[in-house]
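Step one of this worksheet: look at the structure below.
The values are calculated or read from the model by the stated rules, or taken from the named source; none is laboratory data. If you're wondering where the values come from, they're calculated on a predicted model, not measured in any experiment. Heads up, the Cβs are rebuilt from the backbone with ideal geometry, glycines too, and the neighbour counts pull from every protein chain shown.
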Amino acid sequence: MQAEQAHAYKQPEFKLPGGRVMNPWMVLLSLMFGFFMSLLDATVVNIAISDIQRDLKTDLTTVSWVLSAYNLVFAVLLVTMGRFADQYGRKLVFMLGMIMFSLGSFLCAIAPSIEYLIAFRAIQGIGAAALNPISLALITVVFPPAKRGGAFAVWGAAAGMAAAIGPILGGFLVTISWRWIFFVNLPFCIIGLVMVWFFVPETRDQNASRKIDFLGLITISSTMFCLVLAIIEGNSWGWTSGGILGLFATSIISLALFIFIENRVAQPIVDFKLFKYRSFVAANITMFMFGIGIQGAFLILVLFFIQAQGYTQLGAAYALIPLPVASFIFSALAGRFNAKLNPRYMGIAGTVIVAIGLLSLVTLGVNDGWLDTAWRGIIIGAGMGLCFTTFPSMALSEIPFNRVGVASGVFNTFRQIGFALGVAILISVFTGQITDKVVTARTNAINAVQASQPLPAQVKSNIVTGLQNSASQAQGSGEGTSSSSTSYDLTKLVPLANIPNGEALRPELVRLNGVIAGEFKAAAVNSFDFTWLIAGLVAVVGIVPALFTRAPQRRKEGEAAPAFVAEMG
């Protein structure tokens, strides 16, 4: 056993304002409001992307920054917020995060343009960066070892529940307005703030310096921003363009500088000594891969329902239900059997199941319906639930308590960087694929029109012009083809009354309408295949580090445990 763990563990008696004794389960409940809303906002926005794109008159690449701005700022600041919490007080930083998240939510709800919305989502991300890692750190500190596994299970189940409720709530709210997905945060944040104030004690690392590592903050922020921007804009600017290559180069240089700086400052943002713990490293890499595969695939699945299958936003929300519900159920089951089953085995099983589920999406065909997608979603959700519940406890199981704030920040950063890169990578792959597929579908459709014997040349010309214009719009906006290029009726596009024997052409126009619709529907569905494959392969890679995790030690009261220093509030 390591030196810092050599002394007997004694749970401190935390005091609350007024001398009240802390109840750890009330602490957990209070923290859930902020933590839950930070995760809910990642999933609830997915369902509203199409509405935001139309209402604010933008394209898919630009509107994807509504997700990426949140995920990027979230990822960049997670470690910093964890560090601030260890330095200045976990309760204080958590409450400031809730206030910032509430402000960002309100500003997003009243955003007048896509540029403002992206900026305000970044403000939301600043607040969310405080809520996620600090909630995990506080749970680790206030719960005694015998009850900590159950608390982690509830924390993981809450993540699953946020995924479950997000699409459903988003589907209902967008029927009013997409702006309500942000307004709905405000009452929950107010309740959470009050509960945190009354029920959560203040804790911090008394040995931590109050000095801020500005150089580290700048270099890690530059690394992430340049990397994500390059991936998102690669298709638009050209992957070999000077701008994209410059962004990749800047990202690499910034990362090298960050590592150089962090190894030489007294109080770094990232303490690289944490990476001597095998389970911590393995869990971080696994969740990084998990984040890329899951977050990107989740958004692409929303687009699949809306743009390839022609669902409404509410219909897409219902169609998504099996995935997050399965995630919640398996999170709860993993927590229930945490004391009986080895969390390491459950975590490894979760990564394998996620990979299988994502790869199964590649086999979706043009004529597959909701049930064909539902069983695949259940598989993915089951794996998600197991991962959410088991990997946090394995990541922090070996970490000294006075470092849990920054350690949980690093853990959540790896996952959130994965989320940001997942959206950027898979949106980039998807938009590139759909551009190629639209060109092919348009060519096939034009050939079918030109080969039609009954149609006069002028009628063929009108149809071909309509196809070219509609397909070009679909390419420029990044939208799916089923909602654009196949939505018009050829019998209305061609003025039959002005053509000799025009009504006699109706059966042929109806037939061609079906042929063209089929071409573009196939293009829309097939555009997703390579995207699913990329997500699945990333998840497969994530299985490897999961094999190197260690199960948390099951300690009883009075047994040895890591040391930490708490400041009573």
Residue within region 173-184 that is under 23 Å from M81 (Cβ atoms), part of a helix (DSSP H, G or I) and modelled with pLDDT of 80 or more present: yes
For F290: the one exception among (1) at pLDDT below 80; (2) more than 18 Å from A551 (Cβ to Cβ); (3) not acidic (D, E): (1)
Matching residues in region 419-438 - criterion: being more than 30 Å from A128 (Cα to Cα) and either modelled with pLDDT of 80 or more or among the small types (G, A, S) (or both): G432, Q433
Long-range neighbours under 9 Å by Cβ, at least six apart or interchain, first residue under 20 Å from A504 (Cβ atoms) within region 443-462, second part of a helix (DSSP H, G or I) and of a type in the set (D, E): A448/E519; S452/E508; Q453/E508; P454/E508; L455/E508
Evaluation of F388 against (1) crowded, with 20+ Cβ neighbours inside 10 Å; (2) not in a helix (DSSP H, G or I) (one fails), failing number: (2)
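Given the condition in a helix (DSSP H, G or I) and within 17 Å of the chain's Cα centre (by Cα), answer yes or no: does some residue in region 399-410 qualify? Before the answer, list the steps.
Restricting attention to region 399-410, the residues satisfying the condition of being in a helix (DSSP H, G or I) are 401-410.
Narrowing the set further to residues that are within 17 Å of the chain's Cα centre (by Cα) leaves 409-410.
Yes, that holds for at least one residue.
Of all residues in region 263-276, which are in a loop (DSSP other than H, G, I, E, B) and over 11 Å from A407 (Cα atoms)? Walk me through how you get there before you give the answer.
Filtering region 263-276 down to residues in a loop (DSSP other than H, G, I, E, B) leaves 263-271.
Scanning region 263-276 gives N263, R264, V265, A266, Q267, P268.
Give region 70-93 a look and list any residue that's of a type in the set (K, R) and at pLDDT 80 or above, or say none.
Step one: filter region 70-93 for residues of a type in the set (K, R), giving 83, 90-91.
Of everything in region 70-93, those that are of a type in the set (K, R) and at pLDDT 80 or above turn out to be R90, K91.
Can you confirm whether region 306-317 contains a residue that is buried (at least 19 other Cβ atoms within 10 Å of the Cβ) and free of Cβ contacts under 8 Å to residues at least 60 places away in the same chain?
Pass one, region 306-317, residues buried (at least 19 other Cβ atoms within 10 Å of the Cβ): 306-309, 311, 313, 316-317.
Then keep just the ones that are free of Cβ contacts under 8 Å to residues at least 60 places away in the same chain; that gives 311.
Yes, region 306-317 contains at least one residue that is buried (at least 19 other Cβ atoms within 10 Å of the Cβ) and free of Cβ contacts under 8 Å to residues at least 60 places away in the same chain.
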Of the criteria (1) surrounded by 22 or more Cβ atoms within 10 Å (Cβ to Cβ); (2) assigned by TED's automatic domain parsing to the domain that holds L386; (3) touching a Leu at 6+ places or on another chain (Cβ under 9 Å), which one V270 fails: (3)
Count - residues of region 71-88 that are over 21 Å from S254 (Cβ atoms) and either hydroxyl-bearing (S, T, Y) or surrounded by fewer than 24 Cβ atoms within 10 Å (Cβ to Cβ) (or both): 2
Residue count for region 106-139, restricted to those that are surrounded by 22 or more Cβ atoms within 10 Å (Cβ to Cβ) and in contact with a Lys or Arg (Cβ under 7 Å, 6 or more places away or on another chain): 4
Residues satisfying the stated conditions in region 48-74, i.e. of a type in the set (G, A, S), in a helix (DSSP H, G or I) and over 13 Å from L229 (Cβ atoms): S50
Those residues of region 539-569 which are in contact with a Leu (Cβ under 8 Å, 6 or more places away or on another chain) and at pLDDT 75 or above, in sequence order: A539, V540
Single condition W375 does not satisfy, out of (1) at pLDDT 90 or above; (2) over 23 Å from V540 (Cα atoms): (2)
Checklist (1) part of a helix (DSSP H, G or I); (2) farther than 26 Å from Y345 by Cβ; (3) β-branched (V, I, T) applied to V366, failing item: (1)
Condition met for L505 (modelled with pLDDT of 80 or more, in a helix (DSSP H, G or I) and not charged (D, E, K, R)): no
